[in-house]
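Visitor: Below is one structure. I have some questions about it.
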Amino acid sequence: QVQLVESGGGLVQPGGSLRLSCAASGSSLSVYFMAWYRQAPGKQRELVAGITSGGRRNHADPVKGRFTISRDNAKNTVDLQMNRLKPEDTAVYYCNAVRDGNFYWGQGTQVTVSS
């Protein structure tokens, strides 16, 4: 079973950048589909970006062109580079790992975009 820990959240001004990182332990991430989700207050959790074990990526339309998901199987990490942040990106961001129909979640990291 894999354990996930997110880091890198914080307060940033509109137009700024943040890099989130998800570190895994207990299992190699190389065989998992990995994703980042986010949940804003009063809203459902939504998929932000995903990346297959082979490195194929997809990004949700609201973040396309601004966010980039990446993985480093040697370091057992998955990152989310977030550029040109907007106030509507404010949310708790969660790292997610999927294998054989099993979902694993981190505890989340808060991202607040505000001037």
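The values are calculated or read from the model by the stated rules, or taken from the named source; none is laboratory data. Just so it is clear, the structure is predicted and the values come from calculations on it, not from any experiment. Heads up, the Cβs are rebuilt from the backbone with ideal geometry, glycines too, and the neighbour counts pull from every protein chain shown. SASA here: full protein model, heavy atoms, side chains in, ligands and nucleic acids out. Shrake-Rupley method; radii C 1.70, N 1.55, O 1.52, S 1.80 Å.
Visitor: Looking at segment 1-17, I want the residues that are touching a residue at least 40 places away in the same chain (Cβ under 8 Å) and open to solvent by 70 Å² or more (accessible area, probe 1.4 Å) and have a partner that is assigned to a loop (DSSP other than H, G, I, E, B) and among the polar types (S, T, N, Q) with Cβ atoms under 6 Å, at least 6 apart or on another chain. Which pairs are those?
Guide: Sorted first by the residue in segment 1-17, then by its partner, the pairs are Gln13/Ser115.
Visitor: Could you run through segment 81-102 and say how many residues are over 28 Å from Ser115 (Cβ atoms) and in a strand (DSSP E or B)?
Guide: Total meeting the criteria: 5.
Visitor: Which condition number does Tyr93 fail, the rest of (1) open to solvent by less than 40 Å² (accessible area, probe 1.4 Å); (2) closer than 16 Å to Val2 by Cα being met?
Guide: Result: Tyr93 passes all but (2).
Visitor: Just to check your reading of the model, which residue among Val5, Val78 is touching a helix residue (DSSP H, G or I) at 6+ places or on another chain (Cβ under 8 Å) and in a strand (DSSP E or B)?
Guide: Details: Val5 fails: touching a helix residue (DSSP H, G or I) at 6+ places or on another chain (Cβ under 8 Å).
The conditions single out Val78.
Visitor: Output the qualifying pairs, or none if there are none: Cβ atoms under 7 angstrom, residues six or more apart or on different chains, first residue in segment 29-54 and open to solvent by 60 Å² or more (accessible area, probe 1.4 Å), second residue in a helix (DSSP H, G or I).
Guide: That search, which allows pairs on different chains as well, returns Ser53/Ser30; Ser53/Val31.
Visitor: Same structure, new question: Can you confirm whether Leu20 is closer than 12 Å to Ala97 by Cα, modelled with pLDDT of 95 or more and not hydroxyl-bearing (Ser, Thr, Tyr)?
Guide: Details: closer than 12 Å to Ala97 by Cα: no; modelled with pLDDT of 95 or more: yes; not hydroxyl-bearing (Ser, Thr, Tyr): yes.
Judged against the criteria, Leu20 is not a match.
Visitor: Given the condition of a type in the set (Phe, Trp, Tyr), at negative phi and in a loop (DSSP other than H, G, I, E, B), answer yes or no: does some residue in segment 19-38 qualify? Show your work before the answer.
Guide: Our first condition is that a residue be of a type in the set (Phe, Trp, Tyr); within segment 19-38, this holds for 32-33, 36-37.
In the following step, the residues that additionally are at negative phi were identified as 32-33, 36-37.
From the residues that got through so far, the ones that are in a loop (DSSP other than H, G, I, E, B) too are 32.
Looking for residues that are of a type in the set (Phe, Trp, Tyr), at negative phi and in a loop (DSSP other than H, G, I, E, B), one finds at least one in segment 19-38, hence yes.
Visitor: Now for a different question. I'm checking my understanding of the structure. Among residues of segment 55-75 that are modelled with pLDDT of 95 or more and either of a type in the set (A, V, I, L, M, F, W, C) or assigned to a helix (DSSP H, G or I) (or both), which one is most open to solvent (accessible area, probe 1.4 Å)?
Guide: Asp61
Visitor: Let me ask something else. For segment 76-90, which positions are in contact (Cβ under 8 Å) with a residue 60 or more places away in the chain and open to solvent by 40 Å² or more (accessible area, probe 1.4 Å)?
Guide: Result: Gln81, Asn83, Arg84, Lys86, Pro87.
Visitor: Right, here's the next one. Quick test of your reading of the structure: Asp100 fulfils all but one of (1) open to solvent by 50 Å² or more (accessible area, probe 1.4 Å); (2) of a type outside the set (Val, Ile, Thr); (3) in contact (Cβ under 8 Å) with a residue 24 or more places away in the chain. Name the failing condition by number.
Guide: With (1) open to solvent by 50 Å² or more (accessible area, probe 1.4 Å); (2) of a type outside the set (Val, Ile, Thr); (3) in contact (Cβ under 8 Å) with a residue 24 or more places away in the chain applied to Asp100, the lone miss is (3).
Visitor: Select from segment 75-90 the residues that are touching a strand residue (DSSP E or B) at 6+ places or on another chain (Cβ under 6 Å) and among the polar types (S, T, N, Q) and write down the one among them that is farthest from Gln1 (Cα to Cα).
Guide: So, considering only residues that are touching a strand residue (DSSP E or B) at 6+ places or on another chain (Cβ under 6 Å) and among the polar types (S, T, N, Q), the one farthest from Gln1 (Cα to Cα) is Thr90.
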